[in-house]
Amino acid sequence: MKEDLQVYDNVLQLIGKTPLVQLNKITEGFKGDFYAKVEAFNPGHSSKDRIALYIIEEAERKGILKPGDTIIETTSGNTGFSIAMVSQVKGYECILAVSSKASKDKIDMLRTMGAKVYVCPAHVAADDPRSYYEVAKRLHREIKGSVYINQYFNDLNTEAHYRSTGPEIWNQTEGKITHLIACSGTGGTISGTARYLKEQNPDVNIIGIDAYGSVLKKYHETREFDSEEIYPYRIEGLGKNLIPTATDFDAIDRFVKVTDEESAHTARELAKTEGMFVGYTSGAATQGVKQLAEEGEFDENSKVVIMFPDHGSRYMSKIYSDDWMEEQGFFDTKNEAEVKAIEF
Ligand code: PMP
């Protein structure tokens with residue numbers, strides 16, 4: 001950034017240094033202080049900007065990426081958006097294989113950002129040739145000069161958070177953080193941030209949020225992959241049907257599972273109480289905090305940081321649509337009384 005002009009050279013300079021915002025109402029009655037790390041303030045509106053920039057710049061530094069090369073990734077949307085954004089600014093082609101679970105808004109956004117998008121079925125095994133992993137691997141083999149980001153199995157994903165998210169949270173809390181609560185997908189956010197925080201203070205509690213239908217919690221407890229744990233669920237970006245090597249299970253103290261329904265309601269509650277319009281996993285992480293508070297995890301001295309990975313605008317056709325909520329059976333009755341009252 002040019003100091004005197006207060007002008008940024010491009011949007012990539014705005015990545016990171018996201019604010020920590022105190023939660024005041026949704027945590028009322030809980031012991032301790034609660035702060036959201038609001039990653040929607042990144043220019044691509046999610047935490048994935050950090051890893052897209054870091055991994056692409058590492059590949060440039062190592063001479064792996066050359067101008068005009070193609071970057072390939074599997075993604076539930078956010079990582080794709082961030083890679084597309086970085087690719088546009090830096091002049092790379094971007095190909096994304098996405099799960100059919102991703103919202104239409106997300107897919108349209110990726111195409112708007114110049115990415116080529118392949119939509120792949122969500123509920124097939126990871127090694128099925130139709131899965132987004134296998135499609136990405138095939139494209140990587142077929143396209144000369146392509147780089148496969150492979151966020152679930154790339155240590156640089158974790159390193160990006162070790163270098164940026166961890167130090168930011170440590171400094172923003174002046175070293176007083178006692179708990180980090182983060183949803184785990186690739187596990188990059190929680191593991192990288194945890195590694196940094198534990199180096200500063202090994203007593204910081206690192207708690208991962210997992211979905212019912214995902215294998216992560218059970219794997220953390222038993223170090224065994226249990227396919228019985230796997231079944232479809234709604235939350236995008238949280239939990240997994242495989243064990244990502246980007247997750248450092250030793251850096252995480254425990255996992256808590258949350259439901260699709262409670263997470264959706266808690267996300268909607270964040271808008272109405274804190275004025276925070278954030279994504280489904282921000283609701284999931286806050287739901288996890290509610291459950292932990294009920295269990296007595298926190299005390300008066302607790303300083304709890306909760307990762308809010310992305311912005312609510314990405315979920316208009318899902319948790320922020322009353323129709324979608326009703327289709328899932330998440331509403332007892334539709335909010336019709338309220339609607340009728342204003343149709344006078
Ligand atoms: N929330 C959302 C919305 C995401 O897209 C992701 C990434 N898949 C996560 C949380 C989890 O972050 P991580 O992959 O770093 O574990």
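The values are calculated or read from the model by the stated rules, or taken from the named source; none is laboratory data. Bear in mind the structure is a predicted one, so any value in this text is a computation, not a measurement. Heavy atoms of the whole protein, side chains included, go into the accessibility calculation; ligands, DNA and RNA do not. Shrake-Rupley method; radii C 1.70, N 1.55, O 1.52, S 1.80 Å.
Distances over 17 Å make up what percent of all Cα-Cα pairs in the range 75-200? All intermediate terms of the calculation are to be shown ahead of the outcome.
Details: 5001 of 7875 pairs.
Tail of P(r) above 17 Å: 64 percent of Cα pairs.
For the chain, which whole-number percentage of the solvent-accessible area (1.4 Å probe, protein heavy atoms only) is attributable to carbon and sulfur atoms?
Working: 7460 of 15560 Å².
For the chain, the apolar C and S fraction of the accessible surface comes to 48 percent.
Let me cross-check MET276: its accessible surface, 1.4 Å probe, with only protein heavy atoms counted, in Å² to the nearest 10?
20 Å²
Pairs LYS48/LYS104; LYS17/LYS66; LYS17/LYS198: which exceed 24 Å Cα-Cα? Present the calculation step by step, with values, prior to reporting the outcome.
Details: LYS48/LYS104 19 Å; LYS17/LYS66 28 Å; LYS17/LYS198 20 Å.
The pairs that break the limit, which is 24 Å between Cα atoms, are LYS17/LYS66.
Work out the P(r) tail for the chain: percent of alpha carbon pairs separated by more than 24 Å, whole number. Before the final figure, lay out each step's value.
Numbers: 32489 of 58996 pairs.
Summing the P(r) tail past 24 Å for the chain gives 55 percent.
Per residue, how much accessible area does the chain have with a 1.4 Å probe, in Å²?
Working: 15560 Å² over 344 residues.
I get 45 Å² per residue for the chain.
Could you identify which residue out of ILE143, ILE209, ILE107 has the top mean-square fluctuation in a GNM of the chain using Cα springs shorter than 10 Å?
Answer for the Gaussian network model of the chain: ILE143.
Given an 8 Å cut-off on Cα distances and at least 6 residues of separation, report the relative contact order of the chain as a percent.
On the way: 692 pairs, mean separation 64.4, N = 344.
Contact order relative to length: 19 percent.
Given the options ASP310, ASP69, ASP323, state which has the largest fluctuation in a GNM of the chain using a 10 Å cut-off (strictly under) for Cα springs.
ASP323
If you wrap the range 47-148's Cα atoms in a convex hull and average its projection over all directions, what's the area in nm²? Please list the in-between numbers first.
Details: hull surface 24.2 nm².
About 6.0 nm², averaged over all directions.
As a check on your grasp of the helix formula, calculate [θ] at 222 nm for the chain: sum -39500 (n - 2.57) over DSSP H runs of n ≥ 4, divide by the residue count, round to the nearest 500. Spell out each step's value before the answer.
Values: 12 runs with 128 residues, N = 344.
The per-residue figure over the chain is -11000 deg cm²/dmol.
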